[in-house]
Amino acid sequence: MRKSVVSAIACVAVFGLSAGATAAEYKDEYTVSTVLPTPFPWGQAAERWVELVDERTDGRVNLKVYSGAQLVSGNQTQEFSALRSGLIDFAVGSTINWSPQVQELNLFSLPFLMPDYAAIDALTGGEVGDRIFAAIERQGVVPLAWGENGFRELTNSVRPVRTPGDVEGMKIRVVGSPLFQDTFEALGANPTQMSWADAKPALSTGAVDGQENPLSVIQIAKMWEVGQEYVTRWHYMADPLIFAANRDTWESLPEADREIIHEAAREAGRWEIEKSRAEVEDRIATLESEGMEIIELSDSERAAFREATASVYDEWAPRIGEDLVEQAREAVAERER
Ligand code: X2X
């Protein structure tokens with residue numbers, strides 16, 4: 001035994017230097033988890049990242065997208081834990097899906113906090129965004145860049161929704177997030193938490209009457225095919241996407257590659273945000289041509305939903321951090337438009 005220890009030390013002494021000086025050891029493949037694949041903007045963001053990294057590292061860093069949260073058997077709210085533990089190397093994830101592990105991410109789910117794109121940008125691009133990234137780091141994951149799933153709108157198969165009273169008693173599929181449960185309960189609806197994988201089947205059998213997702217998702221997933229007739233554009237919240245890395249994977253990579261991956265994530269994120277915002281009008285036209293009725297709310301109609309969900313702030317601001325919520329409100333109020 002002693003001899004083997006000695007020879008091991010000798011090996012390190014002989015080969016240690018050269019091993020350190022040669023190229024880092026790369027995995028054959030690094031996994032990138034997403035929920036939605038291409039052609040959803042979310043999947044496109046991840047694919048763009050993969051392409052840029054491939055090009056700029058001359059194939060040294062081989063990222064591969066696994067969509068449908070398949071690396072966590074479709075349990076999208078487990079994605080962050082898997083990213084932290086190393087089961088997943090990289091991810092482009094929604095703030096909603098990671099909020100059970102990172103309380104601060106619930107900020108973006110607060111109803112009617114962000115009225116427009118400028119408000120989202122004021123948060124993600126400012127000190128609030130830095131604080132959110134710091135919270136993710138504290139949870140053991142390396143945040144790299146922002147993307148966007150989009151303003152989430154309400155669809156249903158029952159009736160046009162213009163007032164909180166219209167959603168009363170409606171069975172609504174929501175993501176597995178306790179805050180969403182509270183928002184829809186505050187409206188008098190009957191929310192059911194389920195993964196994206198279960199959402200369309202539940203809509204098509206009529207197990208639920210409605211759901212909420214960005215227009216891109218409503219269109220690409222062809223929600224009209226599962227009986228969804230009405231879309232209410234209430235813009236009650238928008239979920240940013242976050243590009244991130246497992247910490248050990250990140251630290252195993254040479255500094256130069258980390259820089260490339262980081263910059264590629266920023267570029268892919270910016271590209272996807274711009275593109276998905278630019279596509280909204282076309283999406284609406286498609287939904288209309290497929291026979292969906294689009295309900296636009298007036299300011300006062302939207303205010304009625306805001307008032308009906310105000311209790312969510314009382315419940316959630318302490319968990320998110322009162323000062324973070326306050327800082328976010330100020331950043332939104334002072335945003336440049
Ligand atoms: O499950 C959803 O609704 C989705 C696809 O938008 C998210 O992953 C947050």
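If I take every Cα pair under 8 Å that is 6 or more residues apart in the chain, average their sequence separation and divide by the length, what percent do I get for the relative contact order?
Working: 600 pairs, mean separation 83.2, N = 337.
Relative contact order here is 25 percent.
With axes computed from alpha carbons, what is the tilt in degrees of helix 311-320 against the longest principal axis of the chain, rounded to the nearest 10 within 0 to 90?
Long axis of 311-320 versus the principal axis of the chain: about 10 degrees.
Under a 5 Å amide H to amide H cut-off, with H placed in plane at 1.01 Å, what residues pair with VAL174 once short-range neighbours are removed?
Residues meeting the criterion, in which the H sits 1.01 Å from N, are THR192, GLN193, MET194.
Could you order the peptides 239-246, 213-220, 61-68, 174-181 from most to least packed, using the average number of other C-beta atoms within 10 Å per residue? Could you put the intermediate results ahead of the total?
Details: 239-246: 26.1, 213-220: 23.6, 61-68: 18.0, 174-181: 21.5.
Put in order of decreasing packing, that is 239-246, 213-220, 174-181, 61-68.
To test your reading of the geometry: what angle, between 0 and 90 degrees and rounded to tens, separates the Cα axis of helix 299-308 from the longest principal axis of the chain?
70 degrees
At a 1.4 Å probe radius, which order do LEU287, LEU71 fall into by accessible area, largest first? It would help to have the intermediate numbers written out before the result.
Working: LEU287 0, LEU71 50 Å².
Ranked list, largest accessible area first: LEU71, LEU287.
Spin-label point model (7 Å from Cα, Cβ direction): what's the ARG159 to GLU229 distance in nm?
1.2 nm
Would you work out the charge dipole size for the chain about its Cα centre, treating the Cβ of every Lys and Arg as +1 and the Cβ of every Asp and Glu as -1, and quote it to the nearest 20 debye? Working shown, then result.
Details: 31 positive and 55 negative charges, 221 e Å.
It works out to roughly 1060 debye.
Got a sec? Charge dipole of the chain, +1 on Cβ for Lys and Arg, -1 for Asp and Glu; which of SER289, PHE305, ASN149 is way out at the positive end?
Of the listed residues, the answer is ASN149.
Rounded to a whole number, what is D in µm²/s for the chain from Stokes-Einstein with the Kirkwood radius over alpha-carbon pairs (37 °C, 0.692 mPa s)?
On the way: Rh = 21.1 Å.
The estimated diffusion coefficient comes to 155 µm²/s.
Modelling each spin label as a point 7 Å along the Cα-to-Cβ direction, I'd like the GLU168/ARG319 distance in nm, to one decimal.
With each label placed 7 Å out from Cα toward Cβ, I get 2.7 nm.
In vacuo Debye scattering of region 54-168, one point per C-alpha: log10 I(q)/I(0) at q = 0.09, 0.12, 0.18 Å⁻¹?
Ignoring solvent entirely, the Cα scatterers give -0.33, -0.57, -1.06.
Accessible area per residue of the chain at 1.4 Å probe, in Å²?
43 Å²
Grab the DSSP H runs of the chain that are 4 residues or longer, score each as -39,500 (n - 2.57), total them, divide by all residues and round the 222 nm result to the nearest 500 deg cm²/dmol. Walk me through the numbers on the way to the answer.
Details: 16 runs with 168 residues, N = 337.
Helix-only estimate at 222 nm: -15000 deg cm²/dmol.
Any idea what % of Cα-Cα pairs in region 128-234 are farther than 18 Å?
Values: 2980 of 5671 pairs.
Tail of P(r) above 18 Å: 53 percent of Cα pairs.
The values are calculated or read from the model by the stated rules, or taken from the named source; none is laboratory data. As the structure is a prediction and not an experimental result, all values here were calculated from the model. Cβ atoms come from the backbone with ideal geometry, glycine included; neighbour counts cover every protein chain shown. Protein only, heavy atoms only, side chains kept; ligands, DNA and RNA dropped before computing areas. Shrake-Rupley method; radii C 1.70, N 1.55, O 1.52, S 1.80 Å.
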